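Read the figures in this text as sums done on the coordinates, not as results from a lab. What you are looking at is a predicted structure, and each value in this text was computed from that prediction instead of being measured. When we count neighbours, we look across all protein chains shown, and the Cβ atoms used for this are built from the backbone with ideal geometry, even at glycine.
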Amino acid sequence: MTNQFDILIKNCQLRAQSEKRYDLGVSGGKIAALGESLTGEAQTVIDAQGNLVTEAFVNTHLHLCKVYTLPMMDELAMQDYHGADMGKAMTAIELAARIKEQYDESWIIKNVRKAVALSAIYGGTHIRAFADVDSKAKLIGAKALIQAREEFKGIVDIQVVAFAQDGIVREPGAADLMRQAMELGADVVGGIPWIEFTDADIAEHVKVSFDIAEEFDKPVSMLVDDAGDPGLRSLELMALETIKRGWHGRSLAHHARAMALYPKPYLQKVAALLKQAQMGVVSDPHTGPLHARVGELLEEGVLVCLGMDDISDAYYPYGRNNMLEVAFLVSHLLWMTTRGEMETLYDMVTTKPAQCIGLQDFKIKVGAPANIVVLGEPNVLEALRNHEAPAYVISHGKLVDQEKMKEIAKSQEWSA
């Protein structure tokens, strides 16, 4: 019987197998066959030319409702957030909140489309995207992201996070707005407990967020301890609440920048809790002067991945939604420059973030969903060095129309 494929990729190199070449067949949205020499017919045949074929890229952290808003802001928030000790991070968030007074779906969706199209161009097929939900933003950003999720379905999957950026206790009505966002169709409950003023309020923020998650049976993502204060402990609280609620594997911590200042014994205690909670940590070292202690977390066996975080907004002026570029930057910032460390970085923008946000079988194997990139380079070193768009991107078993994505990216406005 002759094999029938939707897509047949010939002459692939797989990671850590430089001495061999493989063929990979895609059918029905999945990897249907993988071998050194496949026979069969296909609607589309791609010659990988001996270059690397891997899982597509996954971005676990992007403030998508804010992309390209930097021209609408002064630089005061960025100056405070990027201060050497991050002691004014809360002030930065309060300054950045001014942009939400101008929120309107009509310009947000244009910026969102551009950012998501860029993700597709650079091989990113999944994004966990944050939408601020508070008295200023209301549900405007969440609605825009839900609209984009439907528009890009099957090309870039968007998990919409209803995010209480300005707090829950200190922001009256935020919890109700969060529930409304979940009723609208948001996929994840998002919190930022350290933004509250007292330890009791931080604990209440965590509790309310998990209450909402239980009510809607959804995962939780929280920005924890995102400031230069070694006394911040919301990461520990989040891990303990995850264990208490039985939310193992459905809880994800972001930033944890205060960890850079933790004493070693406390860091090891937190690492143990994270493993018990089956809870990952997303680090974004390129967007702030402090960051989670990635190397030590990896040594302790904690699940760690990388995120884009921001694209041209009040916190970070750059960004192309290119996760290879993020890994390239992090390689320098964390001095992860050996071949083995480069492979780890590549995992941290592919398989590890997929695990962090609950994607099943996100790997190159028969039967797995076909979310694949065909790179223009033969190995991870060259891929990181160049951090260019892949030659081909396959999302959910279908070849992404890169020309269409480029048209979308070029046609959208950058700000209001």
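For the reader, a short list of remarks on this structure follows.
- Fully extending the segment from residue 41 to residue 406, taken as 0.36 nm per residue of separation minus the present Cα-Cα distance, adds 128.4 nm.
- Total charge dipole magnitude, region 72-229, about the Cα centre, Cβ charges on Lys, Arg, Asp, Glu only, Debye to nearest 20: 780 debye
- Here the Karplus relation 6.51 cos²θ - 1.76 cosθ + 1.60, evaluated at θ = phi - 60°, turns the backbone of region 40-55 into coupling constants of x, 10, 8, 5, 10, 10, 10, 9, 6, 6, x, 8, 6, 10, 9, 4 Hz, with x for every Gly and Pro.
- Cα gyration tensor shape of region 52-150, rounded if a/c is under 1.5, else prolate or oblate by comparing a/b with b/c: oblate
- Here is the list for region 1-98: trypsin sites (Lys or Arg not before Pro) lying in DSSP coil, each with at most 12 other C-beta atoms within 10 angstrom of its C-beta, are 20.
- Database remark: amide H of residue 159 closer than 5 angstrom to the amide H of 127, 128, 129 (H placed geometrically; neighbours at sequence offset of 5 or more, or on other chains; Pro and chain starts carry no H).
- Couplings for region 213-227, taken from phi via the Karplus curve 6.51 cos²θ - 1.76 cosθ + 1.60 with θ = phi - 60°, read 4, 5, 4, 9, 6, 10, x, 10, 10, 9, 7, 10, 6, 8, 7 Hz in order; Gly and Pro are left as x.
- Taking Cα centre as origin and charging only the Cβ of basic (Lys, Arg, +1) and acidic (Asp, Glu, -1) residues, the dipole magnitude of region 296-364 rounds to 240 debye.
- Between 0 and 90 degrees, the angle of helix 174-184 with respect to the longest Cα principal axis of the chain falls at about 30 degrees.
- Taking the Cα centre of region 57-356 as origin and assigning +1 to Lys and Arg Cβ atoms and -1 to Asp and Glu Cβ atoms, the resulting dipole is close to 560 debye.
- Scattering curve values for region 277-339, log₁₀ I(q)/I(0), Debye with Cα scatterers, q = 0.14, 0.20 Å⁻¹: -0.42, -0.81
- Whole-number percent relative contact order across the chain, with pairs defined as alpha carbons under 8 Å at least 6 apart: 22 percent
- Listed residue (125, 59, 184) projecting farthest to the positive dipole end of region 57-356, Cβ model: 125
- Based on the convex hull around the alpha carbon atoms, region 100-153 presents an average projected area of 3.5 nm².
- Across region 268-416 the C-alpha pair distances fall into 5 Å bins from zero in the proportions 2, 8, 15, 19, 20, 17, 11, 5, 2, 0 percent.
- Mean separation of Cα contacts under 8 Å, 6 or more apart, over the residue count of region 235-394: relative contact order %: 18 percent
- Contact order relative to length of region 174-290, as percent, for alpha carbon pairs under 8 angstrom and 6 or more apart: 23 percent
- In this structure the amide hydrogen of residue 124, modeled in the peptide plane, comes within under 5 Å of the amide hydrogens of 57, none closer than 5 places in sequence on its chain.
- Considering only 321, 198, 111, and ranking their Cα positions along the charge dipole of the chain that arises from unit charges at the beta-carbon of Lys, Arg, Asp and Glu, the one farthest toward the positive end is 321.
- Helix 140-151 and the longest principal axis of the Cα set of the chain meet at an angle near 10°.
- Kirkwood-type radius of region 224-338, with distances r between different C-alpha atoms, in Å: 14.5 Å
- Degrees, to the nearest 10: 264-276 long Cα axis against longest axis of the chain: 60 degrees
- Unit charges at the beta carbon, dipole of the chain: most positive-side option, 79, 332, 263: 332
- Using the Karplus relation 6.51 cos²θ - 1.76 cosθ + 1.60 with θ = phi - 60°, the per-residue 3J(HN,Hα) values for region 350-366 come to 10, 6, 5, x, 4, 5, 4, 10, x, 7, 8, 6, 8, 7, 7, 7, 4 Hz, with x marking Gly and Pro.
- Overall Cα dimensions of region 239-293 - principal axes, largest extent first, Å: 34, 24, 13
- Among the listed pairs 66/404; 66/218; 88/352, a Cα-Cα separation exceeding 25 Å is found for 88/352.
- Options (1) 21.8, 70; (2) 20.9, 68; (3) 25.6, 85 - which one matches Rg and Dmax of the Cα atoms in Å as calculated here: (2)
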